[in-house]
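Note sheet for the following structure.
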Amino acid sequence: MQDRRSGNIVILTGAGISKESGIDTFRDADGLWNKVNIEDVATPEGFARNPAMVHDFYNERRRGLLGDNIRPNAAHAALARLEAEWPGEVLLVTQNIDNLHEAGGSKNLIHMHGEMFKARCEDCHAVHDWREDLSLQTHCPACEAPGGMRPHVVWFGEMPFDMDRIYAALSQCGLFLSIGTSGNVYPAAGFVQEAIFSARAHTVELNLEPSEGATLFAETDYGPATEIVPRYVDKLLAEGW
Ligand code: BJW
């Protein structure tokens, strides 16, 4: 059993943490999946069928993220403060492809579903920092092949990144904290059970509303992330879990 004042913490975040920074979620009423067809824009098959349309979808979202109005909010800042001040290890695993956790100061961070500001070449597999639009004419800066560049994101049916590191951390955590995710998408939705069964961790859900797996969590708090996350971090730093 890990010490509740210094044990290791794994945090999973989803789109809800960035909502108050102006970034759309996926499954809320005004979310992205109510505006576009998931199979068309978030599967390798959709990209093979119509790469230009998928590029347009991600180009528009990438341009949106570059706007001056998109900034980390109080919830991102609170998690960075937790990492800096907590005596044990804090691993932040985000499903989000935005860069708001790193902009907010988090360092020990895994983007399990990829990053909007990276692109990769399907020919030579090189991954590049990327802020411009992608198109079928884009050349890979490494192998110079045209037409093989794609967003460095994880679509349905693809393996999320760094799973070995994530499961290793889950098996050694005292606290698993899930923030702003609806619990619809696996393997992330299964992390709470992994933390319970492999580490007997304390589990906490912070979200606007109960997620699909809400009953699995030992402790819950519901409200906007900018209110409930800083409040929970204050409590954690003062009292432990
Ligand atoms: C607020 C808030 C505020 C709002 N404050 N909160 C059948 C059964 C089980 C699994 C499968 C199955 N068939 C297929 C699968 C696997 C599949 C899957 O899970 N499908 C389900 C839909 C059933 N998964 C995969 O294919 C994954 N790969 C895989 O499984 O590989 C094999 C494997 C096996 C074993 C181990 C390891 C691997 C890949 C999944 C890829 C997901 N990709 C996307 C797109 C990424 C790129 C992009 O952004 O375009 O990732 S889909 C989308 O969903 C995105 C998100 O990261 C992900 C999760 O969404 P999230 O973050 O939870 O957002 P929402 O909108 O759902 O929820 C937001 C929440 O915030 C809500 O609850 C709100 O209430 C809340 N909220 N405002 C606090 N202000």
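The values are calculated or read from the model by the stated rules, or taken from the named source; none is laboratory data. Worth saying up front: this structure is predicted, and the values here are computed from it rather than measured. Don't worry about glycine lacking a Cβ; one is built from the backbone with ideal geometry, like all the others, and counts go over all protein chains shown. Please note that ligands, DNA and RNA were not included when accessible areas were found on the heavy atoms of the full protein model with its side chains. Shrake-Rupley method; radii C 1.70, N 1.55, O 1.52, S 1.80 Å.
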_Single condition Asp30 does not satisfy, out of (1) within 21 Å of Pro151 (Cα to Cα); (2) free of Cβ contacts under 8 Å to residues at least 12 places away in the same chain; (3) of a type in the set (Asp, Glu)_ = (1)
*Applying the selection to the range 165-178, what residues are open to solvent by 50 Å² or more (accessible area, probe 1.4 Å) and near the ligand (Cβ under 10 Å from one of its atoms)?*
Tyr167
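Just a yes or no: is a residue in the range 149-161 more than 30 Å from Leu177 (Cβ to Cβ) and in a strand (DSSP E or B)?
yes
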*When residues of the range 23-78 are filtered for being of a type in the set (S, T, N, Q) and assigned to a helix (DSSP H, G or I), how many remain?*
2
*Just one of the numbered conditions (1) in contact (Cβ under 8 Å) with a residue 24 or more places away in the chain; (2) more than 10 Å from the ligand (Cβ to nearest atom); (3) open to solvent by 10 Å² or more (accessible area, probe 1.4 Å); (4) on the phi < 0 side of the Ramachandran plot is not true of Gly16; which one?*
(2)
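Take the conditions open to solvent by 50 Å² or more (accessible area, probe 1.4 Å), among the basic types (Lys, Arg), under 22 Å from Leu236 (Cβ atoms) and without any contact (Cβ under 8 Å) to a residue 60 or more places away in the chain and apply them to Lys107. Does it pass?
Spelling it out, Lys107 is indeed open to solvent by 50 Å² or more (accessible area, probe 1.4 Å), among the basic types (Lys, Arg), under 22 Å from Leu236 (Cβ atoms) and without any contact (Cβ under 8 Å) to a residue 60 or more places away in the chain.
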*Does the range 201-241 hold any residues that are under 17 Å from Ala78 (Cβ atoms), in a strand (DSSP E or B) and open to solvent by less than 40 Å² (accessible area, probe 1.4 Å), and which are they?*
Val204, Glu205, Leu206, Asn207
_Residue among Met159, Met163 that alone is under 16 Å from the mean Cα position of the chain (by Cα) and over 28 Å from Val233 (Cβ atoms)_ = Met159
_Could you go through the range 119-139 and let me know if any residue there is in a loop (DSSP other than H, G, I, E, B), open to solvent by 50 Å² or more (accessible area, probe 1.4 Å), within 16 Å of the ligand (Cβ to nearest atom) and not charged (D, E, K, R)._
no
_Any residue at all in the range 100-108 that's modelled with pLDDT under 95 and away from the ligand (no atom under 15 Å from the Cβ)?_
no
_Residue list for the range 179-200, restricted to those being open to solvent by 20 Å² or more (accessible area, probe 1.4 Å), within 13 Å of the ligand (Cβ to nearest atom) and aromatic (Phe, Trp, Tyr)_ = Tyr186
